[in-house]
């Protein structure tokens with residue numbers, strides 16, 4: 001799919017770059033090192049262009065009450081997904097600034113619970129530049145939820161990847177799937193060029 005990016009109407013949304021999913025020493029043993037520099041470049045340029053940056057974390061207030069269908073996962077039962085756990089803290093390799101927005105939800109898609117809808121409305125934004133982990137989970141769910149709301153999503157290639165239990169060699173296939181109906185998949189350098197182009201009114 002292809003959309004027209006309007007920087008005046010866009011936010012940059014980074015999902016689930018929390019220690020549980022990004023550090024090699026975490027319970028999932030996933031190292032998101034290849035995503036760190038591209039995400040920092042994307043968020044830095046977004047701020048430069050006046051595009052709000054939102055960091056969305058998948059975390060539970062209470063593992064027994066908020067976990068839904070994953071309540072029997074060992075990582076959930078051991079409390080790794082809880083807001084009080086250090087594993088749900090944002091990866092320290094990523095830059096967060098005071099003007100950024102922090103968002104928390106307890107399901108894969110960032111629109112779960114409606115708080116992101118409210119934030120976008122308050123900000124007057126209606127497009128999303130999207131990165132984070134993983135491409136088949138939070139990225140895919142969020143892109144499809146946005147599509148059902150007629151919100152264009154631009155998934156930035158270098159800023160996302162598979163979950164630890166997924167085939168990393170199939171990343172292009174995964175991106176092709178969500179780029180068919182749910183989003184536009186675009187390289188980092190191209191999205192930065194388009195962020196720098198103000199629409200003609």
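The values are calculated or read from the model by the stated rules, or taken from the named source; none is laboratory data. Since the model is a prediction, treat every value here as computed from it, not as a measurement. Methodologically, a virtual Cβ is constructed for each residue, glycine included, from the backbone with ideal geometry; neighbour enumeration extends over all protein chains shown.
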* Asked: Cβ-Cβ below 6 Å, separation at least six or inter-chain, first residue in the stretch 172-194 and touching a residue at least 60 places away in the same chain (Cβ under 8 Å), second part of a loop (DSSP other than H, G, I, E, B): which pairs?
  -> 184/1; 184/2; 184/3; 194/5
* Asked: If you scan the stretch 187-200, which residues turn out to be surrounded by 21 or more Cβ atoms within 10 Å (Cβ to Cβ) and either touching a strand residue (DSSP E or B) at 6+ places or on another chain (Cβ under 7 Å) or modelled with pLDDT under 85 (or both)?
  -> 191
* To do: Go through the stretch 50-62 and give me each residue that's touching a strand residue (DSSP E or B) at 6+ places or on another chain (Cβ under 9 Å) and either farther than 20 Å from residue 115 by Cβ or part of a loop (DSSP other than H, G, I, E, B) (or both).
  => 51, 52, 59, 61, 62
* Test result for residue 28, part of a loop (DSSP other than H, G, I, E, B) and farther than 15 Å from residue 128 by Cβ -> yes
